[in-house]
Amino acid sequence: MHAGTRVVRLSRCGDGWEFGVLAKFEEHKSMNYGSDVQPLLTGVGGDGGVEGGAEQQHEKRVIVSTSFYDKLMCVWRA
């Protein structure tokens with residue numbers, strides 16, 4: 001909680017498991033108390049549609065993280 005927000009992937013690796021850090025955010029000045037990660041956005045156009053649009057974002061997650069003592073909610077992409 002004090003090390004910042006991490007988005008991790010848990011993968012099966014042979015007979016064991018492996019964690020991989022997909023994204024991190026360290027702007028909170030106090031403990032991270034809650035977070036939410038939305039699925040990957042792929043091919044989102046500038047008009048909000050899935051197809052078309054000049055400004056496309058590939059492989060971006062929308063993440064919300066909160067901290068209690070500094071009363072901060074952050075929305076970020078990774």
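Phi angles across the range 61-73 convert, under the Karplus curve 6.51 cos²θ - 1.76 cosθ + 1.60 with θ = phi - 60°, into 3J(HN,Hα) values of 9, 9, 10, 10, 10, 10, 10, 8, 5, 8, 6, 10, 10 Hz, Gly and Pro given as x. The H on the amide N of Leu22, modeled in the peptide plane, is under 5 Å from the matching H of Val7, Val8, Arg9, each at least 5 residues off or on a different chain. Among 62-70, 20-28, sorting by the average number of other beta carbon atoms lying within 10 angstrom of each residue, highest first, gives 62-70, 20-28.
Rule-based calculations on the coordinates, nothing more; no lab input. Quick caveat, the model's predicted, so the values are computed rather than measured. Because the Cβ atoms are built from the backbone with ideal geometry, glycine has one as well, and the counts that use them run over all protein chains shown.
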